[in-house]
Amino acid sequence: MADPSKRPHSKRSPYTADRGIPGAYEGETITRRRLMTGGALAAGGIASAAFGLPALGFALGPVLEDQQGERFLDVGPEADFNPQTYVPKVITLVPEDIGETGKTTIYVRKFDKGRDTDKLGQPYIAISTRCAHLGCPVRYVQAAERFICPCHGGVYNFDGKVGGGPPVRPLDRFETDVKAGRVLVGPRFSVNSKLEKFHTRDPSNHLDGLWQYLYPRRPTTP
Ligand code: FES
């Protein structure tokens, strides 16, 4: 009896007509049904990637970004600051930027245990001058104990919370620390109306309730 493994290999024809498929055309190597199925799957894959990749980028961005923002800058001795008023200081936000472009003014004061209610645990309060409406530079007015934005009339209270006008959240803050009697200012962060801490968001991004999920963090926001 012949060994089945020694039987000559029967090769299947690549042409659909040779395989007796109904409606086959001469020279056709793939059925129209198979072509349509493959095309639909490919279109579905492209559509899924169009939705999924941006979300993946938002999720992984903070993990992949470099940690340059962790540096702390010396803004002066503790004796320069008190809890009653803000002292303006100029810091370099983006070290790679040459000249004045990476610099920004911040307002710094000592945390006041009797007056401040936030639980952020910062020994000093360092407030950003970037308005949370559209980013114009705000100015601190000591007589009114308010931050005023010249662009659209935004007003912020002594602690940076919104006091009036169009801004959607309080002014951003910076981490602070004290070492050897010197006040250090670190990375920026955003806060919601309860002064709870969030990763830095762009101006105009809401942070209260469900809004925080509709305005996810952009990894490149300084
Ligand atoms: S940019 Fe400050 S109120 Fe519009």
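Among the listed pairs Lys119/Lys161; Lys119/Lys197; Lys113/Lys197; Lys89/Lys119; Lys103/Lys161; Lys119/Lys194, those whose Cα-Cα separation exceeds 20 Å are Lys89/Lys119; Lys103/Lys161. Taking θ as phi - 60° and the Karplus parameters 6.51, -1.76 and 1.60, the scalar couplings of segment 17-31 work out to 5, 5, 8, x, 6, x, x, 6, 9, 5, x, 7, 10, 9, 6 Hz in sequence order, x denoting glycine and proline. Excluding ligands, DNA and RNA, the accessible surface per residue across segment 94-222 is 49 Å² with a 1.4 Å probe.
Assuming a ≥ b ≥ c are the square roots of the Cα gyration tensor eigenvalues, decide whether segment 94-198 counts as rounded (a/c under 1.5), prolate (otherwise, with a/b larger than b/c) or oblate. Oblate is the answer for segment 94-198, as a/c is 1.5 or above yet b/c matches or exceeds a/b.
What you get for segment 94-222, charging only the Cβ of Lys and Arg (+1) and of Asp and Glu (-1), is a dipole of about 220 debye around the Cα centre. Projecting the Cα atoms of His133, Gly114, Ala144 onto the charge dipole of segment 94-194, computed from C-beta unit charges around the Cα centre, puts Gly114 farthest toward the positive end. Between Ser48 and Arg139, the contour length at 0.36 nm per residue exceeds the alpha carbon distance by 28.1 nm.
For segment 161-176, the Karplus equation 6.51 cos²θ - 1.76 cosθ + 1.60, evaluated at θ = phi - 60°, returns couplings of 6, 5, x, x, x, x, x, 9, 7, x, 5, 5, 10, 10, 4, 10 Hz by residue, with Gly and Pro reported as x.
Heavy-atom accessible area for Val178, with the other protein chains in place and a 1.4 Å probe, reaches approximately 50 Å². What's the local net charge at Asn205, with K and R +1, D and E -1, over the other residues with C-beta under 14 Å away? Taking every other residue near Asn205 into account, the sum is +3.
The values are calculated or read from the model by the stated rules, or taken from the named source; none is laboratory data. Quantities reported herein were computed from a predicted structural model and do not represent experimental measurements. No Cβ is skipped: glycine too gets one built from the backbone with ideal geometry, and neighbour counts run over all protein chains shown. With ligands, DNA and RNA removed, areas are computed over all heavy atoms of the protein, side chains included. Shrake-Rupley method; radii C 1.70, N 1.55, O 1.52, S 1.80 Å.
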